[in-house]
1. Determine which member of the set R31, R25, R98 is exposed (fewer than 15 other Cβ atoms within 10 Å of the Cβ) and in a helix (DSSP H, G or I).
2. Can you tell me which residue among L57, L74, L88, L84 is aliphatic (A, V, I, L, M), exposed (fewer than 14 other Cβ atoms within 10 Å of the Cβ) and within 22 Å of the chain's Cα centre (by Cα)?
Amino acid sequence: METDTPQGSGHYSADRAKILTRLRRAEGQVRGIAGMVEDDRYCIDVLQQISAAQAALDKVALALVDAHVRNGLLTADPERRDALTDELMAAIGRLARR
């Protein structure tokens with residue numbers, strides 16, 4: 001997904017290592033799920049692991065929202081806050097639709 005935000009302007013720099021750790025954990029969970037399907041594991045067990053992977057990604061999303069609010073929105077030029085708030089709410093809306 002592309003926006004007009006300049007590359008490298010993520011507001012999560014201070015939390016980048018934690019976010020990457022969470023993403024790598026979710027990546028491992030997804031690989032594990034694929035292995036479970038390859039091994040023809042019980043559906044409920046696979047669904048449980050899918051739920052865990054989704055929860056891991058939700059935590060990443062919340063960390064990004066938190067960083068954006070604290071380091072972007074709250075520190076933004078007051079004239080840009082409404083536009084940034086609209087952008088954030090649209091992103092949260094997309095997350096909530098799933």
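The values are calculated or read from the model by the stated rules, or taken from the named source; none is laboratory data. All values reported here derive from a predicted model rather than from experimental measurement. Cβ atoms come from the backbone with ideal geometry, glycine included; neighbour counts cover every protein chain shown.
1. So the residue among R31, R25, R98 that is exposed (fewer than 15 other Cβ atoms within 10 Å of the Cβ) and in a helix (DSSP H, G or I) is R31.
2. After ruling out the rest, the residue left standing is L74.
Residue-by-condition table, conditions (1) touching a Leu at 6+ places or on another chain (Cβ under 7 Å); (2) at pLDDT 95 or above:
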residue: R31; (1), (2): no, yes
residue: M36; (1), (2): no, yes
residue: C43; (1), (2): no, yes
residue: A52; (1), (2): no, yes
residue: L57; (1), (2): no, yes
residue: G72; (1), (2): yes, no
residue: T75; (1), (2): no, no
residue: R97; (1), (2): no, no
